[in-house]
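The values are calculated or read from the model by the stated rules, or taken from the named source; none is laboratory data. Computed from a prediction, not measured in an experiment: that's the story for all the values here. No Cβ is skipped: glycine too gets one built from the backbone with ideal geometry, and neighbour counts run over all protein chains shown. What goes into the accessible areas is simple: the full protein's heavy atoms, side chains included, and nothing from ligands, DNA or RNA. Shrake-Rupley method; radii C 1.70, N 1.55, O 1.52, S 1.80 Å.
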Amino acid sequence: HNLLEKVAPGWWTGRTDNCRNSWRGAATMVSRSVLTPTVLVNWDRGFDAGGQPVWGPRAGGYVFDRLP
């Protein structure tokens, strides 16, 4: 569940922490989302039991341009 919270007019953020996940050797997953008037940024990552990343981009989320 990644519920969005309004932080300013037209700006929303959301997060999910420590959800159980077993895909590609993960134990948990973390998700971060930012929605602005022009883009959606989503960053999902999976971590093993020791806290090491096992999937997902390391440097930042995927950026999707919003269409008018």
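Solvent exposure of segment 1-41, expressed per residue, is 72 Å² of accessible area, with all protein chains present and a 1.4 angstrom probe. Loop exposure criterion: trypsin sites (Lys or Arg not before Pro), DSSP state outside H, G, I, E and B, at most 10 other Cβ atoms within 10 Å. Applied to the chain, the longest stretch between such sites is 1-57. Subtracting the Cα-Cα distance of ARG66 and TRP12 from their residue separation scaled by 0.36 nm leaves 18.1 nm.
Protein heavy-atom surface of the chain, 1.4 angstrom probe: 57% of the accessible area is carbon and sulfur, with nucleic acids and ligands not counted. Computed on the chain, with alpha-carbon pairs under 8 angstrom and 6+ residues apart, the relative contact order is 24 percent.
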